[in-house]
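For reference, the structure is listed below as structure tokens.
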Amino acid sequence: MTKNQSPIVADPIERLVRSLKQHGVDGVDLAFVLGSGLGVFADRLEKARAIPYAELDGMPRSAVPGHAGRLVVGEIAGKRLVVQQGRVHLYEGWSEREVTRAIRAFAAIGVKGVVLTNAAGGLHAEWKPGTLMRVTDHINQQGAAPLLPRERGSGTPYDAEFGAALTKGAKEARVPLEAGVYAGLLGPTYETPAEIRMLRWAGADAVGMSTVAEAMTARAAGMKVAAVSCITNLAAGISKEPLSHAEVMAAGKAVATRFCKLLEKSVPHLADAVAR
Ligand code: HPA
């Protein structure tokens with residue numbers, strides 16, 4: 001091989017890592033993954049540079065509306081961030097390895113903390129659409145195993161101190177922030193009322209179709225993990241209204257300002273928490 005030839009890299013994570021570095025995505029401490037309808041936070045970044053997933057070798061691309069499919073690198077309060085505007089889901093047919101590939105790549109380029117965000121159904125009748133919830137733990141009902149046998153861990157992937165940075169940010173932003181347990185289901189169908197009764201009994205506060213595999217992987221890869229659910233609707237049977245993706249998207253838009261404020265104010269605290 002001559003000096004200027006690049007070696008053929010077969011491993012998709014390594015390919016993605018190479019590609020991220022080639023695009024100058026490096027030296028970033030914090031990563032954010034933005035869920036359905038929550039992509040607006042990426043627009044708040046200063047000195048922002050967007051890289052379409054199509055330009056990133058090995059980056060899976062979602063076909064679900066509301067997922068822009070761009071990586072945005074930029075700054076908030078002088079802290080450099082990388083933001084995933086859109087994710088892929090198990091219910092689209094992607095494997096657990098594909099769904100978590102970007103997370104593995106973030107760890108490999110030196111990211112220390114990841115904030116996962118999602119749209120979710122709420123299991124409390126008093127939680128209006130637009131309620132924001134910090135995820136304190138999850139219930140994995142996806143049947144997916146994204147970890148390697150040697151990564152078998154125990155306990156919750158969500159870091160209490162890193163998550164507390166969101167609570168601090170919420171207070172400063174004067175944005176109400178609930179806390180609770182996220183149940184991750186495979187989807188793509190919304191739950192039945194009977195399933196929601198089961199999840200309430202099991203201790204879930206919110207239900208969605210993402211996040212758990214990414215959270216487990218990020219923790220196993222040595223990063224700190226926090227997550228925020230945007231309650232876009234009351235879960236099946238809690239409200240009489242039938243659910244739709246359009247409703248989820250509309251609620252995401254309505255909450256955008258508060259969601260962005262919460263994350264913006266949290267960034268310095270999140271950066272402090274990973275520096276410790
Ligand atoms: N269930 C599952 N996923 C969701 C919901 C829901 O009610 N709302 C938004 N994502």
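The values are calculated or read from the model by the stated rules, or taken from the named source; none is laboratory data. Here the structure is a predicted model, which is why all the values come from computation and not from measurement. Because the Cβ atoms are built from the backbone with ideal geometry, glycine has one as well, and the counts that use them run over all protein chains shown. The protein model used for the area step is the full one, side chains on, heavy atoms only, and it has no ligands, DNA or RNA in it. Shrake-Rupley method; radii C 1.70, N 1.55, O 1.52, S 1.80 Å.
Across the range 197-206, the number of residues qualifying as within 11 Å of the ligand (Cβ to nearest atom) and over 18 Å from THR131 (Cα atoms) comes to 1. Of the residues making up the range 114-161, those that are farther than 29 Å from ARG197 by Cβ and either crowded, with 24+ Cβ neighbours inside 10 Å or in contact with a His (Cβ under 7 Å, 6 or more places away or on another chain) (or both) number 2. Taking the criterion of being open to solvent by 10 Å² or more (accessible area, probe 1.4 Å), touching a residue at least 40 places away in the same chain (Cβ under 8 Å) and away from the ligand (no atom under 13 Å from the Cβ), the residues of the range 207-250 that qualify are MET216, ARG219, ALA220, ALA221, GLY222, LYS224.
Just a yes or no: is a residue in the range 14-28 in contact (Cβ under 8 Å) with a residue 60 or more places away in the chain and closer than 28 Å to LEU132 by Cβ? There is at least one residue in the range 14-28 that is in contact (Cβ under 8 Å) with a residue 60 or more places away in the chain and closer than 28 Å to LEU132 by Cβ. All conditions in (1) open to solvent by 10 Å² or more (accessible area, probe 1.4 Å); (2) closer than 20 Å to ARG219 by Cβ; (3) among the hydroxyl-bearing types (Ser, Thr, Tyr) hold for TYR182, with the sole exception of (1).
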